[in-house]
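The values are calculated or read from the model by the stated rules, or taken from the named source; none is laboratory data. Note that the structure is predicted; figures quoted are calculated from it, not measured. Cβ placement follows ideal geometry from the backbone for every residue including glycine, while neighbour counts extend to all protein chains displayed. The area values use the complete protein model at the heavy-atom level, side chains included, leaving out ligands, DNA and RNA. Shrake-Rupley method; radii C 1.70, N 1.55, O 1.52, S 1.80 Å.
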Amino acid sequence: MRPIRTATLGTATALVALLACAPFGSAHENDKGNGNGNDKGQVITLTGRLAEQSRFPVNPGGAAAQGDRTVFRSLLFGKDGSQVGETGGTCTTTRVDNGGAEACVVTYSLPGGQIAAQGMVFGHLVPGPPPAFDNAITGGTGKYDRARGSIHAETIAPGERRFTIDLER
């Protein structure tokens, strides 16, 4: 078995997983129309950079195991490069065969509220860049109260991910 990789960002990464320190308008936002003039939903694209990560292995110094836990925090940046928030979350290894799997719970803190997300990440034990993943938005606070939708995360550089937050209204 392989040890947990240090480049994992979680949902959110990483996720998973946002600090309110810049206007939210600095993030790349798009409205998405549904063609009938009703509330459109929103797509937010952010870049996350791993800021802190701690591991709590079941077998310290040994092989990856079910129950290994990673706690992380990533800073989030908008299209113009200004920090717009942060993520904080945990991922727990649920499977070590076939590349591994982990269940993650992440909170995205943004100006005006928070977005909660959770889901599975598959292949986190495979050598190379961390895999892309999709997580479900399970709720939110403030302007994201009752949020639903999904978050897609993909690695764009070591310790860096692009998050596409697709909010349904």
Inspect segment 133-147 for any residue being under 19 Å from Gln53 (Cβ atoms) and either open to solvent by 50 Å² or more (accessible area, probe 1.4 Å) or part of a strand (DSSP E or B) (or both) and give the result as yes or no.
yes
Looking at Leu76, Leu50, Leu46 in this structure, which one is at pLDDT 95 or above, of a type in the set (A, V, I, L, M, F, W, C) and open to solvent by 30 Å² or more (accessible area, probe 1.4 Å)?
Leu50
Looking at Gly128, Gly119, which one is out of contact with any Gly (no Cβ under 7 Å at 6 or more places or on another chain), at positive phi and open to solvent by less than 30 Å² (accessible area, probe 1.4 Å)?
Gly119
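Quick one: would you say Gly100 is open to solvent by less than 40 Å² (accessible area, probe 1.4 Å), farther than 22 Å from Glu160 by Cα and not hydroxyl-bearing (Ser, Thr, Tyr)? Before you say what the answer is, go through the steps one by one.
Working: open to solvent by less than 40 Å² (accessible area, probe 1.4 Å): yes; farther than 22 Å from Glu160 by Cα: no; not hydroxyl-bearing (Ser, Thr, Tyr): yes.
In short, no.
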Search result, residues across segment 113-132 that are under 23 Å from Arg95 (Cα atoms), part of a strand (DSSP E or B) and of a type in the set (Gly, Ala, Ser):
Ala117, Gly119
Is it true that Gln114 is under 15 Å from the mean Cα position of the chain (by Cα), among the polar types (S, T, N, Q), modelled with pLDDT of 95 or more and open to solvent by 30 Å² or more (accessible area, probe 1.4 Å)?
yes
Which of the residues belonging to segment 53-70 are closer than 24 Å to Ile156 by Cα, open to solvent by 60 Å² or more (accessible area, probe 1.4 Å) and either β-branched (Val, Ile, Thr) or more than 16 Å from the chain's Cα centre (by Cα) (or both)?
Arg55
